[in-house]
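What follows draws every value from the coordinates through simple rules; no lab data is involved. Everything numeric in this text was worked out from a predicted model, so none of it was measured. Glycine gets a Cβ as well: all are built from the backbone with ideal geometry, and neighbour counts include every protein chain shown.
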Amino acid sequence: MYNLTIAELAKGLRAGEFSSVELTQTFLKRIHQHSALNAYVTVTDELALQQAKAADAKLASGDASLLTGIPIAQKDIFCTLGVKTSCGSKMLDNFIAPYNATVVDKLNQAGAVMLGKVNMDEFAMGSSNETSFYGPTKNPWNTNTVPGGSSGGSATAVAARLAVCATGTDTGGSIRQPAALCGITGLKPTYGRVSRYGMIAYASSLDQGGPMTRNAEDAAILLQAMAGFDEKDSTSVDQPVPDYLADLNKPLTGLKIGLPKEFFTADLNSDMAATLEAAINHYRQLGAEVKEVSMPTLKMAIPAYYVIAPAECSANLSRFDGVRFGYRCDNPADLSDLYTRSRGEAFGKEVKRRILMGTYALSAGYYDAYYIKAQKVRRLISDDFKNALSEVDVIMGPVTPTPAFGIGEKLANPIEMYLSDIYTIAINLAGLPAMSIPAGFINGLPVGLQIIGNYFDEARLLNVAHQYQQVTNWHQQKPKGFE
Ligand code: GLN
């Protein structure tokens, strides 16, 4: 049962082959059995069973959506009413959210069953899940390696069959990179497609929630429920949500694929290059035309991002002051001591590094030199994508420079850690949608193919991914020990 996709489970539930309560119990049992993976921060057993019962009633009455009764894991960045919402930080270890994020409300309305809250890098800052206050999550394909980050708990939960699907968020790669390293399908939607209300902010102009699933069809189902205008989020875009399942079976004949020459350089490891080449050949066989495109500003994405994201994070995280919610130090001497010790004691090293970098970049003497400059670079990067996407329908490339790396391997060197997002970050700066889909293995570890599309072209991305998944079975492989 736990190996089935959302679409398959929805059929089984309707046919009465099993109930949502049975399905939910199966997943809860697996979560506890595999707790060593450290995928979950909080397991909401009781709530899940209540939701499952309600879902069974809805199914019986014929008033059900495809997600009704489907067990899902929520990234611990989404506020969940009455349930701890930690964002992977000691700062929020005691925080019980007083309201639901819009995404959570929408999934509840669709009848999904929340199994619990999954682990993540602290405040979504990281690429390995190692910055979490709750310790690293392990990659089920090799438990000595990282699952990626920051949505590492989500990726591990889906890959190890500890949830059917999960939510994630992506500021610079946090859906796509863990999806690639764990062999699942992840989609970062166009900026503004999914409401950020109740999604704890890291870098507000880049953050975007999206689905993490076994395959593209499930991603379509989950995105359908997550997407849409929200008057509570002024950056959510008021544009109708198309039927993402409707376009899944369109042939790819004549699809124009662009390969940025800046992605396929000598720096790309040769196994990675060979894996991607094989994937692109599948697309040629499916009728696609492939051409080279050039985006010269891509190389500036990491430096621009590491000015903009920390600048925004330094502003967003100023709300955690030990006064209104979250951690408060013991016996503060005065107000200033309360602020500095609460923040000093509760934020981890990487979060502090980002706040310092951001505060520096925004300070009076440096604002123009760093922040404004980075914003200009951001525009150039968007223009490069705009040009490329005027010639082709989608852009393809790697998601990560290598498969999963070892736990601890990059901890001592933050720059090397930042470089793990070298292929994903530019897409966030441009606000475009992009997917990661399983495209092969290197030494037993999954490799992802990235598919980037034009604004609000998620339906096309999903179809392009789905067609590949009809002729390959990478997405169906299961990590040993978790089958
Ligand atoms: N690894 C990147 C960072 O640390 C991206 C994280 C994310 O997308 N949330 O900022």
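What the table shows:
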read-out	value
Cα gyration tensor shape of region 1-57, rounded if a/c is under 1.5, else prolate or oblate by comparing a/b with b/c	oblate
Region 358-483: projected area of the alpha-carbon convex hull, averaged over directions, in nm²	10.6 nm²
Pairs beyond 21 Å (Cα-Cα), from LYS188/LYS410; LYS250/LYS478; LYS29/LYS138; LYS188/LYS291; LYS90/LYS352	LYS188/LYS410; LYS250/LYS478; LYS188/LYS291
Nearby aspartates and glutamates by direct alpha-carbon distance to LYS376 (threshold 18 angstrom, same-chain neighbours under 8 apart not counted)	GLU312, ASP368, ASP384
Calculated FRET value between THR340 and SER35, using beta carbons and R₀ = 35 Å, to 0.05	0.45
Ascending count of other beta-carbon atoms within 10 Å, so fewest first, for ARG354, ARG14, ARG176	ARG14, ARG354, ARG176
Pair SER390, ASP330: separation of 7 Å Cα→Cβ label points (nm)	6.4 nm
Label point at ASN443 placed 7 Å out along Cα→Cβ; residues across region 139-158 whose backbone nitrogen lies under 18 Å	139-148
Shape of region 143-301, Cα gyration tensor, a/c cut at 1.5	rounded
Rough spin-label spacing in nm, given labels placed 7 Å along Cα→Cβ, for LEU49 and SER363	5.5 nm
For GLU289, distant residues with modelled amide H under 5 Å away	GLY254, LEU255, LYS256, ILE257
Kirkwood hydrodynamic radius of region 258-356, from inverse mean 1/r over distinct Cα pairs, in Å	17.8 Å
Residues MET417, MET300, MET396, MET212 arranged by fewest to most Cβ contacts within 10 Å	MET300, MET417, MET396, MET212
FRET efficiency estimate (nearest 0.05) - Cβ-Cβ, ASN281 to ALA15, R0 45 angstrom	0.70
Estimated Rh, region 175-267: Kirkwood, alpha-carbon pairs, angstrom	15.2 Å
Semi-axis lengths (Å, descending) of the ellipsoid that matches the C-alpha gyration tensor of region 353-404	30, 19, 5
As computed over region 3-116, the Cα convex hull volume per residue (Å³)	98 Å³
Cα gyration tensor of region 65-157 - equivalent ellipsoid semi-axes, whole Å, descending	23, 17, 9
Karplus-derived HN-Hα couplings along region 420-425 (A = 6.51, B = -1.76, C = 1.60, θ = phi - 60°), whole Hz, x at Gly and Pro	5, 9, 4, 9, 10, 4
Nearest-0.05 FRET efficiency for ASP383 and ALA246, computed from C-beta distance (R0 35 Å)	0.65
Least to most buried among MET295, MET199 (fewest other Cβ within 10 Å first)	MET295, MET199
The chain: projected area of the alpha-carbon convex hull, averaged over directions, in nm²	21.6 nm²
Additional length obtainable on full extension of the chain from ILE96 to LYS373, 0.36 nm per residue less Cα span	95.8 nm
Kirkwood Rh in Å, taken over all unlike Cα pairs in region 128-222	13.0 Å
Phi-based couplings in Hz for region 373-386 (Karplus 6.51, -1.76, 1.60; Gly and Pro marked x)	4, 4, 5, 5, 4, 4, 4, 4, 5, 4, 5, 4, 5, 4
Length gained when the stretch ARG319-LYS352 is fully extended (0.36 nm per residue, less Cα-Cα span)	10.5 nm
